[in-house]
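Read the structure below first, then the notes.
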Amino acid sequence: MQSSTPRRRELLLLAPFIISAILPTASSADEAKVKQLQKDRLDVLKQIVEDKERAFRNGGIPLSDCASAYQQMFEAELAICADDAERIKVREKMLERAKADEEIVSRLFRAGEARTWDHQAAIARRLAIEIELERLKK
């Protein structure tokens, strides 16, 4: 009985090391699965963006529906980013899109086809993206 007690103590002392050796493998497998799911989701969202962009250009949906689809796609892209350099690139694409949307809303507003708050919302969205981009660059 005496001999099993030291073994038990040794096993208890080794348990954290054994567990830590096993867990990262399981965690990296889980992480790989999550990354693949994120990529699959991004692919679906890209298709939605294409479809909604086409529908907007044909007058089938308002710009806000199209902008919402882009926002979801960009957020999915951000979730996949590994570092700030990648996040900056995505934010720059977001900013380009927001500027384009702001210009569209501005034209619609001047033509009387958009409301004041639509124009203000487009400006606010662009500014929010610019703020996040500046924070990332620091």
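The values are calculated or read from the model by the stated rules, or taken from the named source; none is laboratory data. Being a predicted model, the structure only gives us computed values, none of them experimental. Cβ placement follows ideal geometry from the backbone for every residue including glycine, while neighbour counts extend to all protein chains displayed. Side chains are part of the model used for accessible areas, which takes the heavy atoms of the whole protein and leaves out ligands, DNA and RNA. Shrake-Rupley method; radii C 1.70, N 1.55, O 1.52, S 1.80 Å.
When +1 charges are put on Lys and Arg Cβ atoms and -1 charges on Asp and Glu Cβ atoms, the dipole computed for the stretch 69-136 relative to its Cα centre reaches about 260 debye. The alpha carbon convex hull volume per residue for the stretch 47-88 rounds to 64 Å³. Note on Arg7 and Ser27: with the Förster distance fixed at 35 Å, the Cβ-Cβ geometry gives a FRET efficiency of about 0.75. Inverting the pair-averaged 1/r between distinct Cα atoms of the stretch 36-138 gives 14.4 Å as its Kirkwood hydrodynamic radius.
Rolling a 1.4 Å probe over the protein heavy atoms gives the stretch 42-107 an accessible area of 55 Å² per residue.
Shape of the stretch 72-119 from the C-alpha gyration tensor: prolate (a/c of 1.5 or more and a/b above b/c, with a ≥ b ≥ c the square roots of its eigenvalues). Each label point was placed 7 Å from the Cα along the Cα-to-Cβ direction; for Trp117 and Gln36 their separation is 4.5 nm.
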